[in-house]
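K.L.:
Shown below is the structure under consideration.
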Amino acid sequence: MPSLSCHNLLDLAEELPPSPLRLPRVMAGASPSSPASPSPAGPPRRVIVSHRLPLRASPDPAAPFGLRFTVDAGTVAYQLRSGLPASAPVLHVGTLPPAAAEAASDELASYLLAHFSCLPVFLPADLHGKFYHGFCKHYMWPLLHYLLPLTPSTLGGLPFDRALYHSFLSANRAFADRLTEVLAPDDDFVWIQDYHLLALPTFLRKRFPRARVGFFLHSPFPSSEIFRTIPVRDDLLRALLNADLVGFHTFDYARHFLSACSRLLGLDYQSKRGYIGIEYYGRTVTVKILPVGIDMGQLRSVVSAPETADVVRQVADAYKGRRLMLGVDDVDLFKGIGLKFLGMEQLLVENPELRGKAVLVQITNPARSEGRDVQEVQDEARAISARVNERFGTPGYTPIVMISRPVSEYEKAAYYAAAECCVVSAVRDGLNRIPYIYTVCRQESTALGDAPKRSVIVLSEFVGCSPSLSGAIRVNPWSVESVAEAMSSALRMSDGEQRLRHEKHYKYVSTHDVAYWARSFDQDLQRACKDHFSRRHWGIGFGMSFKVVALGPNFRRLSVEHIVPSFRKTENRLILLDYDGTVMPESSIDKAPSSEVISVLNRLCEDPKNRVFIVSGRGKDELSKWFAPCEKLGIAAEHGYFTRWSKESPWETCGLVADFDWKKTAEPVMRLYTEATDGSYIEHKESALVWHHDEADPDFGSCQAKELLDHLESVLANEPVVVKRGQHIVEVNPQVSACKLSIAVLV
Ligand SMILES: O=P(O)(O)OC[C@H]1O[C@H](O[C@H]2O[C@H](CO)[C@@H](O)[C@H](O)[C@H]2O)[C@H](O)[C@@H](O)[C@@H]1O
């Protein structure tokens, strides 16, 4: 595969055939109350974008298109509506459920829009397969869950394949195309869900620089050491930074993202009034941390349904006299089902009294993706359970019961309500809402009487819900002994302790439901976008490195047509030239001025109407050596502490009392931090001391810089100095109230 530079990736995606079916704009914007058009008066429309629409489809010859569509109330994309302002129109954008894929047509789009506020994105089958099963499920999904494709045969993971990445981009672009047909970019709020659409913010930002875009990542964001292995890591990070608000379930995921931004893109973040913001080309990208909750209303209606109560009693009856533990998982490489079964085996090895009593019922949801990994997970789980059942089972007693058939929500709720313990042993999971659902079912089911409610959760440390469930027995799922021990503790726990832990969990889960999460995200998205109208936006960068530069309303681009006539008609010109990063590119290794720079400066200085100064933070000795060939050039060194009008004129100081005793206090403190921070160093200036950490580890360096700033401020509190933080520096300067650039009088 020939390599492609990043800047032709968008173009490449653009070369692929556009989505064959298009929604006519006239239909899309038909009625003012339609979700396909923005609301003119009420609250702005919310556009929820997810890989799949929150719909189910089943064949029904009597229904339009031969398909019966129903809302899939189990999806987060649908549940989050409960937290949005009641009067705001909501539009869902996503692909059709698999059963309906072949029915794609403009008529179907109109039907789904009118009846379900759902606007389908039609992806050709081949593209959809490469996008979802190829790039998403066999590259991104394992990687986000810490599985590196070390060899081509690494279980479940594929090495990075640029062709599949292009399919991923093409699919994301098809989403942007669909959105373009209906979006009112100055009014709508767009909320993108999950890793399938990681590239979408870039496509949207390119078309609508002022669009209001939120993104929530439901999977883990891995350590930057894992993330940096992705060959297109910068594209993906920049895409997230093209959103206004980026949300994660846990602090760890956010921390990994911030660290990736800092290590890979050199971007710093700041925490202001409780909000974390990354400055990105004049825009502030806000980072939010809040785990998704469950839909309390929907779950309550399932738990309280009579059919659930019947099954609760049947399950309780079937396992009477046993100690019932429950696991509910997708068939997925990372759910640790095999490890859970090994833990169960160990439990029975170590606790003979539990043989014949302890039962683990494991419900496995249908596989969401296809491939060898899914088959191997199923085969492994079956093999271990068969071995354990063979070893410890007796007539009428099966220690591990695997339920692999489709199980209705009612039946699942019944198992949750009946089980005394829930076991989640995933080795990685973005959140995992199973323990939340279990807690609510235990609390709200009345099928087994009204005794005080209790529950116990054995929970992997590696799932996103772990930090929020402090009453769970947390385990390292990789340690079979720990899982067995945790199961044993759960089964031996007193009723009183189970009650206390249960109450704590129920209080959290019932108050932090999906509506709470959605409301909070929605409000933060509004806050993150509030300055959009007061800024001016310019798009820069090619392909996936496209970004928008946001500038204040008074900013005007300097144009040559403007400057040249003004320059010509001016009799007295003061030209102040910043050195590093202006005259001298930041990236240059040799910081001395080139002969070309010297000659340009000399030409400027020759004009009697010009007064030219180089202004720099550098010391006077270095600058005078470098600019020795420029006889008439003025220099302001150490940020104007020293100035000289020309090579022949003397250096002047800005009139401050030359008391540098404070250096005796500041320098040892800086030295301490230099020794403790590999890569940092002190710059000694005549008027100042500067601690640099640009070559230290970015996270550690900025952490140490914060600490050093505090430290210096406290030890120098009574000295006539100012301690400041700049980009990768901490600087101590004399107080400047009386210190003005004497050259300023010229202006
Ligand atoms: O299998 P996919 O179609 O690629 O979807 C990925 C998973 O999405 C959902 O799980 C994710 O979101 C949950 C809610 O925030 C979170 O609990 C979980 O950890 C995330 O992975 C869905 O529930 C899973 O079945 C999908 O596999």
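The values are calculated or read from the model by the stated rules, or taken from the named source; none is laboratory data. A quick note: this is a predicted structure, and the numbers were derived from the prediction, not measured. Cβ placement follows ideal geometry from the backbone for every residue including glycine, while neighbour counts extend to all protein chains displayed.
K.L.:
What number of residues within region 395-420 are over 32 Å from the mean Cα position of the chain (by Cα) and either under 24 Å from Ala73 (Cβ atoms) or within 16 Å of the ligand (Cβ to nearest atom) (or both)?
P.N.:
13
K.L.:
Need a quick list: helices (runs of 4 or more DSSP H) entirely within region 43-145 having at least 3 residues that are in contact with a Leu (Cβ under 9 Å, 6 or more places away or on another chain) and more than 16 Å from the ligand (Cβ to nearest atom).
P.N.:
Helices (runs of 4 or more DSSP H) meeting the threshold: 106-116.
K.L.:
When both residues are 6+ apart or on different chains and their Cβ atoms are under 7 Å apart, which pairs have a first residue that lies in region 442-471 and is in a helix (DSSP H, G or I), and a second that is of a type in the set (Phe, Trp, Tyr)?
P.N.:
Within 7 Å, the pairs are Arg442/Tyr416; Gln443/Tyr506; Ser468/Tyr508.
K.L.:
Mind listing just one residue for me: the one in region 376-403 that is surrounded by 15 or more Cβ atoms within 10 Å (Cβ to Cβ) and small (Gly, Ala, Ser) and, of those, nearest to Arg313 (Cα to Cα)?
P.N.:
So the residue we want is Gly393.
K.L.:
Scan region 134-170 for residues that are more than 26 Å from Asp522 (Cα to Cα), of a type in the set (A, V, I, L, M) and under 21 Å from the mean Cα position of the chain (by Cα) and report the count.
P.N.:
Matching residues across region 134-170 total 5.
K.L.:
With a cut-off of at least 1 residues that are among the hydroxyl-bearing types (Ser, Thr, Tyr), within 26 Å of Ile729 (Cα to Cα) and over 47 Å from the mean Cα position of the chain (by Cα), name the helices (runs of 4 or more DSSP H) lying wholly within region 555-673.
P.N.:
It comes to 620-626.
K.L.:
Now for a separate question. Just to be sure I understand the filter: pairs with C-beta atoms under 9 Å, separated by 6 or more residues or on different chains, first member in region 100-123 and without any contact (Cβ under 8 Å) to a residue 40 or more places away in the chain, second member β-branched (Val, Ile, Thr) and surrounded by 21 or more Cβ atoms within 10 Å (Cβ to Cβ). Which pairs pass?
P.N.:
Ala101/Thr95
K.L.:
Pick from region 203-226 the residues that are aromatic (Phe, Trp, Tyr) and touching a residue at least 40 places away in the same chain (Cβ under 8 Å): which of them is farthest from the ligand (Cβ to nearest atom)?
P.N.:
Ranking the candidates gives Phe203 first.
K.L.:
Within region 204-213, identify whether any single residue is among the charged types (D, E, K, R), farther than 15 Å from Leu144 by Cα and part of a strand (DSSP E or B), and answer yes or no.
P.N.:
Yes, region 204-213 has at least one match.
K.L.:
Something else now. Any residue that is under 21 Å from the mean Cα position of the chain (by Cα), at pLDDT 95 or above, within 30 Å of Phe215 (Cα to Cα) and not basic (Lys, Arg) - is there at least one of those in region 489-512?
P.N.:
Looking through region 489-512, at least one residue is under 21 Å from the mean Cα position of the chain (by Cα), at pLDDT 95 or above, within 30 Å of Phe215 (Cα to Cα) and not basic (Lys, Arg).
K.L.:
Another one. Suppose we filter Leu164, Leu158, Leu169 for residues that are surrounded by 15 or more Cβ atoms within 10 Å (Cβ to Cβ), at pLDDT 95 or above and within 16 Å of the ligand (Cβ to nearest atom); which single one remains?
P.N.:
Answer to the check: Leu164.
K.L.:
Within region 573-631, track down each residue that is over 24 Å from Lys685 (Cβ atoms) and among the acidic types (Asp, Glu).
P.N.:
Listed by number, the residues that qualify are Glu596, Glu606, Asp607, Glu631.
K.L.:
Based on this model, can you work out whether Leu333 counts as surrounded by 17 or more Cβ atoms within 10 Å (Cβ to Cβ), modelled with pLDDT under 95 and either away from the ligand (no atom under 16 Å from the Cβ) or of a type in the set (A, V, I, L, M, F, W, C) (or both)?
P.N.:
Yes; evaluated as a whole, the condition is true for this residue.
K.L.:
Could you please let me know if Val548 is more than 26 Å from Pro734 (Cα to Cα) and buried (at least 17 other Cβ atoms within 10 Å of the Cβ)?
P.N.:
Criteria met by Val548.
K.L.:
Any idea how many residues of region 377-413 are at positive phi and either touching a Leu at 6+ places or on another chain (Cβ under 6 Å) or charged (D, E, K, R) (or both)?
P.N.:
So the count comes out to 0.
Let's see how each residue does on (1) modelled with pLDDT of 95 or more; (2) part of a loop (DSSP other than H, G, I, E, B); (3) at positive phi:
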{"residue": "Leu712", "(1), (2), (3)": "yes, no, no"}
{"residue": "Val732", "(1), (2), (3)": "yes, no, no"}
{"residue": "Ala738", "(1), (2), (3)": "no, yes, no"}
{"residue": "Ala744", "(1), (2), (3)": "no, no, no"}
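K.L.:
For the list (1) within 20 Å of Arg433 (Cα to Cα); (2) among the acidic types (Asp, Glu); (3) more than 16 Å from the ligand (Cβ to nearest atom), I need the number of the one condition that Asp317 fails.
P.N.:
(1)
K.L.:
Can you report the number of residues in region 227-267 which are of a type outside the set (A, V, I, L, M) and farther than 22 Å from Leu147 by Cβ?
P.N.:
Of the residues in that region, 8 qualify.
K.L.:
Give me the residue from region 530-546 that is assigned to a loop (DSSP other than H, G, I, E, B) and within 18 Å of Phe203 (Cβ to Cβ) and, out of that set, nearest to the chain's Cα centre (by Cα).
P.N.:
Across region 530-546, the extreme among qualifying residues is Phe546.
K.L.:
Another one. Report yes if some residue within region 184-202 is buried (at least 23 other Cβ atoms within 10 Å of the Cβ), farther than 21 Å from Leu525 by Cβ and either within 16 Å of the ligand (Cβ to nearest atom) or modelled with pLDDT of 95 or more (or both); otherwise report no.
P.N.:
Taking every residue of region 184-202 in turn, none turns out to be buried (at least 23 other Cβ atoms within 10 Å of the Cβ), farther than 21 Å from Leu525 by Cβ and either within 16 Å of the ligand (Cβ to nearest atom) or modelled with pLDDT of 95 or more (or both).
K.L.:
Under the condition of being exposed (fewer than 15 other Cβ atoms within 10 Å of the Cβ) and aliphatic (A, V, I, L, M), which residue from region 618-658 is nearest to Pro593 (Cα to Cα)?
P.N.:
Residue satisfying both the conditions and the ranking: Ala628.
K.L.:
When you scan region 631-677, how many residues do you find that are of a type in the set (Phe, Trp, Tyr) and within 19 Å of Leu577 (Cβ to Cβ)?
P.N.:
Result for region 631-677: 4.
K.L.:
Can you pull out every residue in region 404-446 that is small (Gly, Ala, Ser) and surrounded by fewer than 24 Cβ atoms within 10 Å (Cβ to Cβ)?
P.N.:
Passing the criteria: Ser404, Ser408, Ser445.
K.L.:
Further question on the same structure: Being within 16 Å of the ligand (Cβ to nearest atom) and within 28 Å of Lys335 (Cα to Cα) is the requirement here; does Leu150 meet it?
P.N.:
In short, no.
K.L.:
Let me ask you something else. Cβ-Cβ distance below 8 Å, separation of 6 or more or different chains: which pairs start in region 258-271 with a residue that is in contact (Cβ under 8 Å) with a residue 24 or more places away in the chain and part of a helix (DSSP H, G or I) and end on one that is among the basic types (Lys, Arg) and surrounded by fewer than 19 Cβ atoms within 10 Å (Cβ to Cβ)?
P.N.:
Ala260/Arg228; Ala260/Arg233; Arg263/Arg228; Leu264/Arg228; Leu264/Arg233
K.L.:
Additional query: Has region 421-441 got any residue that is closer than 14 Å to Asp295 by Cα, modelled with pLDDT of 95 or more and away from the ligand (no atom under 16 Å from the Cβ)?
P.N.:
Within region 421-441, one or more residues are closer than 14 Å to Asp295 by Cα, modelled with pLDDT of 95 or more and away from the ligand (no atom under 16 Å from the Cβ).
K.L.:
Could you tell me whether Pro231 is within 20 Å of Cys136 (Cβ to Cβ), crowded, with 16+ Cβ neighbours inside 10 Å, more than 16 Å from the ligand (Cβ to nearest atom) and at pLDDT 95 or above?
P.N.:
No; evaluated as a whole, the condition is false for this residue.
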